[in-house]
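First up is the structure itself, then whatever we jot down about it.
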Amino acid sequence: MAGAVHWRYRFREIDSSKKDNLDRFIPNRSAINFGYAHNMLTEGAKKGKENLAEMSTYQKLLAQACDIPTRILAFKNKPPTPKEIWPPLPPPPPQCRSSKPKRHIPKTWERKLDAPYMVDDFCLNLLDWGSSNVISIALENSVYLWNASNSSTSELVTVDDEYGPVTSVSWASDGRHIAVGLNNSIVQIWDATATKQLRTLRGGHRGRVGSLAWNSHILTTGGMDGKIVDNDLRVRSHIVQTYMGHDQEVCGLKWSPSGRQLASGGNDNVVHIWDRSLVSLNSPTRCLHRFEEHRGAVKALAWSPFQSNLLASGGGVGDNCIKMWNTRTGVRLNSVDTGSQVCTLLWNKNERELLSSHGFTENQLTLWKYPSMVKMAELNGHTSRVLHMTQSPDGCMVATAAADETMRLWNVFETPLKTSDEPFAKFNRIR
């Protein structure tokens, strides 16, 4: 043991005595270029004194302590610029902004027409805009036609008191034929171009006919008796189908764009969806869906033009809600409390927007963004509830009629109308 310790201390003494020969700080002798080092030690020493004056204090001290030429501590040349293996990436493209300009929504009407003796009744449908750009409006016992192309007005028909008042009007898709519903349960078919009555439909109802809807050659009528009747105008016995589901007056009727489903709203607060393939003369009460969530009469119905099986419905006093329905599944998609009676609904044909007309207290039009149902604008002008609303053939203009006995044209969905040079362009009389 003693010998082991003796030799350990002896090893340390021998190791420390060879201090000048240490090379432990050089990790690998094979990596040293001795020729270059010798050259730098001999030839570079001549320039050492010159470089020494230019070096930092630390470098001077280090060079003097090691007793070596200072050139070894300096770079001989700048390192070569690395070659680019990949080409440089192009700069990111500028952030794209929508080229579509922000649409301006005028808050006031474009035209105002006097409409005296307008019947103030929520369940009637007294205004329609045909494909020939002619507006039909019922004022008490008469139906008037206003041509939106030239602002001319004509009287189509005036019925006797025993038949009147007129309770509904609706254009066929051809823009020439028009149906007129009367208070005594009769429906008249007119050729508006020739100002000639073509036919009278009887026997379908036991009370006034307040709602009408065309589906090709089929005219569907809704009455105060709660019945809905399909009338085929090609045959003598025109009643081809009857729908029984409402306990009170039918206030609204709308066929889907496909013509397969019929939506009906009633004074009993109920919305029915009827499928033509399910209903027959033997089962007139078999509806596809029955919606009972409204707490007020339902007159406002509108099928979406861009999404099949999407129906919007609006409730009257006591409900004030717009509801969205999937008529394929029967599921309610959304419900919005508008704060006032919903009289009518219209979809924008070009954008995902919905327009509603209202009663007390503001009597306004409200434009909603779908599907968020964020309020985009409110249009004021009428001084009484806006009972009727219809859309121009091109989808740009909207006509409204209210209990204040005026009809107004609004540029809700497009640019404002050009200023007319004719006198009183902003105010006309229908009769």
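The values are calculated or read from the model by the stated rules, or taken from the named source; none is laboratory data. Since the model is a prediction, treat every value here as computed from it, not as a measurement. Every residue, glycine as well, gets a Cβ built from its backbone with ideal geometry; the counts of neighbours run over all protein chains shown. All accessible areas refer to the heavy atoms of the entire protein, side chains included, with ligands and DNA or RNA removed. Shrake-Rupley method; radii C 1.70, N 1.55, O 1.52, S 1.80 Å.
Counting only residues that are out of contact with any Leu (no Cβ under 9 Å at 6 or more places or on another chain), at pLDDT 95 or above and of a type in the set (S, T, N, Q), region 95-132 holds 2 of them. Counting only strands (runs of 3 or more DSSP E) that sit wholly inside region 90-195, those with at least 1 residues that are of a type in the set (D, E, K, R) are 111-114, 127-129, 153-158, 187-191.
Cβ-Cβ distances below 9 Å connect the following pairs, each with a first residue in region 132-144 that is of a type in the set (Phe, Trp, Tyr) and open to solvent by 20 Å² or more (accessible area, probe 1.4 Å), a second residue that is modelled with pLDDT of 95 or more and in a strand (DSSP E or B), and a separation of six or more residues or different chains: Tyr144/Ile135; Tyr144/Ser136; Tyr144/Ile137; Tyr144/Ala138; Tyr144/Thr153; Tyr144/Ser154; Tyr144/Glu155; Tyr144/Leu156. Candidates in region 386-395 are the residues that are assigned to a loop (DSSP other than H, G, I, E, B) and in contact with a Ser or Thr (Cβ under 8 Å, 6 or more places away or on another chain); of these, the one that is farthest from Leu301 (Cα to Cα) is Pro393. Only one of the numbered conditions (1) open to solvent by 30 Å² or more (accessible area, probe 1.4 Å); (2) touching a residue at least 40 places away in the same chain (Cβ under 8 Å) is not met by Leu278, and that is (2). The condition (being within 20 Å of Val157 (Cβ to Cβ) and not small (Gly, Ala, Ser)) is satisfied by just one residue among Leu201, Leu262: Leu201. Scanning region 312-337 for residues that are open to solvent by less than 40 Å² (accessible area, probe 1.4 Å) and outside any strand (DSSP E or B) returns Gly316, Asp319, Asn320, Thr327, Gly330. Just one of (1) at pLDDT 95 or above; (2) closer than 23 Å to Val331 by Cα fails for Asp275. It is (1). Collect the residues in region 256-272 that are in contact with a Cys (Cβ under 7 Å, 6 or more places away or on another chain) and either at pLDDT below 95 or open to solvent by less than 30 Å² (accessible area, probe 1.4 Å) (or both), keeping them in residue-number order. Hits for region 256-272 are Gly265, Gly266, His272. Considering every residue within region 153-165, establish whether at least one is open to solvent by less than 40 Å² (accessible area, probe 1.4 Å) and under 36 Å from the mean Cα position of the chain (by Cα). So far as region 153-165 goes, no, none of its residues is open to solvent by less than 40 Å² (accessible area, probe 1.4 Å) and under 36 Å from the mean Cα position of the chain (by Cα). Checked against (1) over 19 Å from Lys323 (Cα atoms); (2) surrounded by fewer than 22 Cβ atoms within 10 Å (Cβ to Cβ), Ala399 passes all but condition (2).
Look at (1) crowded, with 16+ Cβ neighbours inside 10 Å; (2) free of Cβ contacts under 8 Å to residues at least 12 places away in the same chain and you find that Trp214 fails only one, number (2).
Here is a yes/no grid of residues against (1) of a type in the set (Gly, Ala, Ser); (2) assigned to a loop (DSSP other than H, G, I, E, B); (3) touching a Ser or Thr at 6+ places or on another chain (Cβ under 9 Å):
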site	(1), (2), (3)
Cys251	no, no, yes
Gly259	yes, yes, yes
Ala263	yes, no, yes
His272	no, no, yes
Leu278	no, yes, no
Arg286	no, yes, yes
Arg295	no, yes, no
Ala302	yes, no, yes
